[in-house]
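Have a look at the structure below, then the notes.
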Amino acid sequence: MSKLVVEQVSRIFPGVAGGEPTRALEPTDLLVGDADFVTILGPSGCGKSTLLRIVGGLETPTTGRVLLDGRPVTGPGAERGMVFQSYTLFPWLTVADNIAFGLVEKGMPANERRSIVEEWIGQVGLKGFAHHYPKMLSGGMQQRTAIARALANEPKILLLDEPFGALDNQTRALMQELLLSVWEIHKKTVLFVTHDIEEAIFMGNRVAVMTARPGRIKSVTPVDLPHPRHYTMKTSPEFSALKAHLVEEIRAESIKVAEQVA
Amino acid sequence: MRPLVPIPGPRRVLLGISFFVLFFAAWAAATFSGLVSPTFLADPVTMLMDGFTLITRFGFLGDIGITIWRVLGGFILAAIVAVPLGIAMGAYKPVEAFFEPFVSFARYLPASAFVPLLILWAGVGEVQKLLVIFIGSVFQIILMIAVTVGATRRDLVEAAVTLGAKPSGVVRRVLIPAAAPGIAEILRLVLGWAWTYVIVAELIGSSSGIGHMIIESQTLMATGQMIFGIIVIGMIGLVSDFLFKAINRVMFPWSLA
Ligand SMILES: Nc1ncnc2c1ncn2[C@@H]1O[C@H](COP(=O)(O)OP(=O)(O)OP(=O)(O)O)[C@@H](O)[C@H]1O
Ligand SMILES: [Mg+2]
């Protein structure tokens, strides 16, 4: 049985001030197995964030349903951790206290919390920054904290919405490797949204490609690259072949978007 | 001068002080030259001497103390009521829908116009003075805090709920800390306004306080004393503002950093 089941999920936003309603997501299906790493790739505005937010319980689907371990998702909760594109660390908490946020909510005693926080600070490479406030951190460090904050909570599934979208290329590449290495250790089930083809291939076990707006998942491409993955893999022939294939798939969608706008 | 470019600290202080110096120089020039008659405006030296007499011979320090006590008393009472209510209104929309229209209306009731009515209700004692300040401050604080809390970043609330925060946790651990620096700033602002209400309350039916001294000086045509009283209020306001800012800096280091 699949860990996560997305069944005919769609979303229509009501029109603002009597305007036309927005079809953000066409009825979509997706199955994600335990310890799977699925990347969702699609052009801007195709409904990637909407789909992820529905799985996260932050948005209610207009039709369809989402099941996690066979139980329907009805709202947000600790079992589905999220990392957003915008920096969402709590500015009044230090790095350590941000990571401990969910643990405090669970009522975990302080000494247990401390060892988990310390463990995660090490894993995301933030040793020495435990007592810094978010304002004192670079964007990459903030996102590393956000990932640690979500994972320290031990969610059943981790949802990431273009978490590295605002970072420069070098930092982004480092963050990809870091997240992969964490995944290789913990084998979490991950849903990772991106509009970057290389990122989608490098990170994912499978790449789900979405159609242009209003989007739905049109194909799922397996990525048979071995783990652990190293950045040099991005220049391998297998990688290039996958990339060529996905470029074709995405190109068709991007052209549709361009024509819609014209 | 280029827009928004900060200037070094010492220069900022110097510029700030130089306006005070200019102000006093202009005042001295107008009064010592005889351009303005002393009946209407005392010169700075007379003002200082009158102030000295007030403090040494007429126990003016006691008046100052009483006025400060009234302002703080009324203001703290208002804050005790307004801060929790404002947070509740900002956080919970039904609470806001219930109170907001009335509070918006009450905010425009002029506190000074309540003075005669409050004298009828509460006499001319301390209760009446505190009530004037309370009425003048409480509605302002409620509304401003409700707006600040309601404007908390939605993505922070979403991050909290995906970390397992329950509704009460969202209020306690996200809305309140996120709004705290804003709330402190609102209190600082309203405390400044409270100073104008206390003087109004003391101008009518009072036998003590800075306002009372000012109105008594009017009957004696002692413009030096009146101006001294006004300047004292300004000074206390400046000091309390300064203290408030310093406390905020210590309490919310994360919002500046
Ligand atoms: N709250 C909302 N109300 C109305 N329309 C919305 C809302 N949220 C999203 N939309 C619309 O739904 C569509 C899909 O939005 P979504 O944010 O899911 O796209 P996306 O694929 O994440 O895009 P991007 O890559 O730019 O982040 C867009 O056309 C957007 O304008
Ligand atoms: Mg998006």
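The values are calculated or read from the model by the stated rules, or taken from the named source; none is laboratory data. Computed from a predicted model, the values in this text were never measured in an experiment. Methodologically, a virtual Cβ is constructed for each residue, glycine included, from the backbone with ideal geometry; neighbour enumeration extends over all protein chains shown. Ligands, DNA and RNA are stripped out before the accessible areas are found, and what is left, the full protein with its side chains, is counted by its heavy atoms. Shrake-Rupley method; radii C 1.70, N 1.55, O 1.52, S 1.80 Å.
Pop the C-beta distance of A:I255 and A:H186 into the FRET formula with R0 = 30 Å and round what comes out to the nearest 0.05. Taking R0 as 30 Å, the efficiency between A:I255 and A:H186 is 0.15. Inter-chain neighbour count for A:71-78: the average number of beta-carbon atoms from partner chains within 10 Å of each residue's beta-carbon is 3.
Once you charge only the Cβ atoms, +1 for Lys and Arg and -1 for Asp and Glu, what is the size of the charge dipole of chain A about its Cα centre, to the nearest 20 debye? Intermediate results must be reported in sequence, preceding the final value.
Details: 28 positive and 29 negative charges, 65 e Å.
So the dipole magnitude of chain A works out to roughly 320 debye.
Taking square-rooted eigenvalues a ≥ b ≥ c of the alpha carbon gyration tensor, is chain B rounded, prolate or oblate, where a/c under 1.5 means rounded and, failing that, a/b exceeding b/c means prolate? Oblate.
Once the other residues with Cβ under 13 Å from the Cβ of A:A166 are scored (Lys, Arg +1; Asp, Glu -1), what is the net sum?
Values: positive: A:R172; negative: A:D161, A:E162, A:D168, A:D196.
Result for the neighbourhood of A:A166: -3.
Legend: mean number of C-beta atoms from other chains within 10 angstrom of residue C-beta atoms, peptide A:104-112, equals 2. Based on DSSP H segments of at least four residues, each scored -39500 (n - 2.57), the protein assembly as shown has a per-residue ellipticity at 222 nm of -19000 deg cm²/dmol.
Place a label point 7 angstrom from the Cα of A:T60 along the Cα-to-Cβ direction, then list the residues of the range B:139-177 whose backbone nitrogen is under 15 Å away. From the range B:139-177, the list is empty.
Projecting label points 7 angstrom from Cα along Cα→Cβ for B:L61 and A:E119 puts them 6.3 nm apart.
Solvent-accessible surface of the range A:32-86, taken per residue with a 1.4 Å probe and all protein chains present: 34 Å².
A:R216 sits among other residues whose Cβ lies under 15 Å from its own Cβ, and their net charge, with Lys and Arg +1 and Asp and Glu -1, is +1.
In order along the range B:150-165, phi translates into HN-Hα couplings of x, 8, 4, 3, 5, 5, 5, 5, 5, 4, 5, 5, 6, 9, x, 5 Hz, rounded to whole numbers, per the Karplus curve 6.51 cos²θ - 1.76 cosθ + 1.60 with θ = phi - 60° and x for Gly and Pro.
Seen against the Cα atoms of chain A and their longest principal axis, helix A:110-123 is set at about 60 degrees.
Taking the C-alpha atoms only, the angle from helix B:60-91 to the longest principal axis of chain B is near 20 degrees. Taking a ≥ b ≥ c as the square roots of the eigenvalues of the alpha-carbon gyration tensor, the range B:3-135 is classed oblate because a/c is 1.5 or more while a/b is no larger than b/c. In summary, the aspartates and glutamates within cross-link reach of B:K245, defined as a Cα separation below 18 angstrom excluding same-chain residues under 8 places away, comprise B:E185.
Could you list, in their original order, any pairs among A:K187/A:K234; A:K156/A:K218; A:K127/A:K156; A:K106/A:K234; A:K127/A:K243 whose Cα atoms are separated by more than 31 Å?
Working: A:K187/A:K234 22 Å; A:K156/A:K218 26 Å; A:K127/A:K156 26 Å; A:K106/A:K234 40 Å; A:K127/A:K243 36 Å.
Where the Cα-Cα span goes over 31 Å, the pairs concerned are A:K106/A:K234; A:K127/A:K243.
Among beta bridges identified by DSSP and lying wholly in the protein assembly as shown, the antiparallel ones come to about 50 percent.
Give, in nm to one decimal, the length gained when the segment between B:I68 and B:E216 is fully stretched (0.36 nm per residue of separation minus the Cα-Cα distance).
Details: separation 148, 0.36 × 148 = 53.28 nm, distance 1.90 nm.
Stretched fully, the B:I68-B:E216 segment lengthens by 51.4 nm.
When a/c reaches 1.5 or more, the comparison of a/b and b/c decides; with that in mind, is the range A:58-176 rounded, prolate or oblate per its Cα gyration tensor? Note, shape of the range A:58-176 comes out oblate. The angle between the Cα long axis of helix B:210-219 and the longest principal axis of the Cα atoms of chain B comes to about 30 degrees, rounded to the nearest 10. For A:L158, the amide hydrogen comes within under 5 Å of the amide hydrogens of A:T189, A:V190, A:L191, counting only partners 5 or more places away or on other chains and with H modelled in the peptide plane. The Cβ shell under 15 Å around A:S236 holds other residues with a net charge of 0, Lys and Arg each +1, Asp and Glu each -1.
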